[in-house]
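Here is the structure we will look at.
The values are calculated or read from the model by the stated rules, or taken from the named source; none is laboratory data. Note that the structure is predicted; figures quoted are calculated from it, not measured. Counting neighbours? That spans all protein chains shown, and the Cβs are built from the backbone with ideal geometry, glycine included. Note: areas computed on protein heavy atoms with side chains; ligands, DNA, RNA excluded. Shrake-Rupley method; radii C 1.70, N 1.55, O 1.52, S 1.80 Å.
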Amino acid sequence: MEKKNIEWSKLGFDYIKTDYRFVAKYKDGAWDEGTLSKDAQVVMSESAAVLQYAQTVFEGMKAYTTADGKIVTFRPDLNAERMIQSAQRLEMPVYPKDKFIDAVCQTIKANAAYVPPYGSGATLYVRPYMFGSNAVIGVKPAEEYEFRVFVTPVGPYFKGGVKPLTICISDFDRAAPHGTGNIKAGLNYAMSLHPYMECHRKGYDENMYLDPATRTKVEETGGANFLFVTKDNKIVTPKSNSILPSITRRSLLYVAKEYLGLETEEREIYLDELGDFAECGLCGTAAVISPVGKVVLHDKEICFPSGMNDMGPTTKKLYETLTGIQMGSIKAPEGWIYEVC
């Protein structure tokens with residue numbers, strides 16, 4: 001497969017139109033078979049449910065070129081399961097797991113020329129999403145939906161690549177108690193945009209959101225879960241009903257325990273114990289792990305011993321091991337890697 005003429009090493013995390021996308025439609029209580037399309041435009045009513053009441057869910061995943069030239073994707077079954085949970089929470093029809101995986105693989109394969117070469121530092125980002133498409137004016141679920149998958153080649157999520165970030169503790173809440181914080185719905189991300197821009201205007205890279213009920217416990221950022229390393233090298237991640245169950249976080253915890261022999265723990269993490277940790281990182285599909293060097297609460301700074309120059313040693317081992325699994329240089333656990341072509 002001849003690759004597109006793209007300067008892979010210079011890619012940012014931006015949208016580039018590719019040749020094909022997958023489109024399936026739900027009407028009269030059933031999904032059609034779906035098809036690949038060259039048309040990147042979405043046409044709908046001005047009163048579509050997604051436009052009026054934000055009835056939309058999505059997923060984020062990646063495809064990679066391995067060392068031996070194969071194109072693979074990482075744990076799409078878990079993305080399918082998470083989208084099912086998200087759809088059910090917003091009273092949307094479930095797109096079946098097997099069809100989800102097939103649609104993702106079809107779209108990646110059809111755009112194989114856009115999958116960055118092995119060693120380029122870039123990947124193919126995959127975006128499955130679903131939305132209510134028919135016209136509604138009363139507050140109620142749509143009766144018609146579209147499920148789509150598009151792909152786009154991307155570089156690092158944070159500009160400048162992997163370097164420690166400075167995080168500020170947000171005065172806003174990301175989610176409500178018993179709300180939608182644990183699903184991947186567009187409305188959650190819309191609510192995070194103003195706090196995100198506010199933190200950028202103040203010179204910070206991202207927000208740290210606290211639990212909405214007591215504002216004493218660490219939750220997540222607008223688009224990633226937190227991961228901490230204790231001074232005795234235990235991996236600790238926040239446990240909460242209002243954060244997104246990150247597939248990357250779950251994979252990193254497995255890697256820490258089974259590949260690196262580290263102790264892991266999911267528990268409530270209190271704001272006043274942040275200074276006790278040796279390392280901190282943000283984990284998610286887009287960045288895998290981005291190290292955090294400093295957390296700021298108004299005029300108080302919490303600096304991690306790992307510093308502002310590089311990843312901490314344990315975070316780096318986690319990053320290198322998981323990306324090695326994804327890229328094929330390290331043997332993956334059974335069922336983690338799906339070969340596309």
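As a test of the definition: which semi-axes, in Å, follow for the range 84-239 when you take the square root of five times each eigenvalue of its alpha carbon gyration tensor? Largest first, please.
30, 25, 16
Over the range 113-236, what is the percentage of antiparallel beta bridges among all DSSP beta bridges, to the nearest 5?
80 percent
Which order do Met61, Met191, Met308 take by accessible area at a 1.4 Å probe, largest first?
Output order, biggest surface exposure first: Met191, Met308, Met61.
For the range 27-165, what does the relative contact order come out to in percent, with C-alpha contacts under 8 Å and a separation of six or more?
The normalised contact order for the range 27-165 reaches 31 percent.
To the nearest 10 square angstrom, how much accessible area does Glu219 have with a 1.4 angstrom probe?
10 Å²
Per the helix-only calculation at 222 nm, which mean residue ellipticity applies to the chain, given -39500 (n - 2.57) for every DSSP H run of n ≥ 4 and division by its residues, nearest 500 deg cm²/dmol?
Rounded to the nearest 500, the figure is -7000 deg cm²/dmol.
Hey, rough spin-label estimate for Gln41 and Lys239, points 7 angstrom out along Cα→Cβ, what's it come to in nanometres?
In this crude spin-label approximation the distance works out to 5.2 nm.
With a 1.4 Å probe and all protein chains left in place, how much accessible area per residue does the range 186-341 have, in Å²?
45 Å²
Which one, (1) 1.14; (2) 1.00; (3) 0.96, gives Rg/Rh (Cα atoms, Kirkwood Rh) as derived from the coordinates shown?
Computed from these coordinates, Rg/Rh (Cα atoms, Kirkwood Rh) corresponds to label (3).
So for the range 249-341, if I pair up every lysine 8 or more residues apart or on another chain, how many of those pairs have alpha-carbons under 16 Å apart?
4
Can you give the convex hull volume of the alpha carbon atoms of the range 1-156 per residue, in Å³?
In the range 1-156, the Cα convex hull volume per residue is 113 Å³.
Would you mind getting the accessible area per residue of the range 37-95, heavy atoms of the protein chains only, 1.4 Å probe, in Å²?
Here the per-residue accessible area is 42 Å².
Tabulate in residue order the Karplus-calculated ³J(HN,Hα) for the range 275-282, using 6.51 cos²θ - 1.76 cosθ + 1.60 with θ = phi - 60°, rounded to whole Hz; enter x for Gly and Pro.
Whole-Hz 3J(HN,Hα) from phi for the range 275-282: x, 8, 8, 8, 9, 8, x, 9.
State whether the range 91-173 is rounded, prolate or oblate according to the following rule on the C-alpha gyration tensor (a ≥ b ≥ c being the square roots of its eigenvalues): a/c under 1.5 gives rounded; otherwise a/b larger than b/c gives prolate, and the remaining case gives oblate.
Judged from the Cα gyration tensor, the range 91-173 comes out oblate (a/c at least 1.5, b/c at or above a/b).
Below 8 Å between Cα atoms, with a sequence gap of 6+, how large is the relative contact order for the chain in percent?
Once normalised by length, the contact order is 20 percent.
Which value, in Å² rounded to 10, gives the accessible area of His200 with a 1.4 Å probe and all protein chains present?
It works out to around 80 Å².
Can you tell me, using C-alpha contacts under 8 Å and at least 6 residues apart, the relative contact order of the range 107-192 as a whole percent?
24 percent
Rounded to the nearest percent, how much of the accessible area of the chain (1.4 Å probe, protein heavy atoms only) is carbon and sulfur?
49 percent
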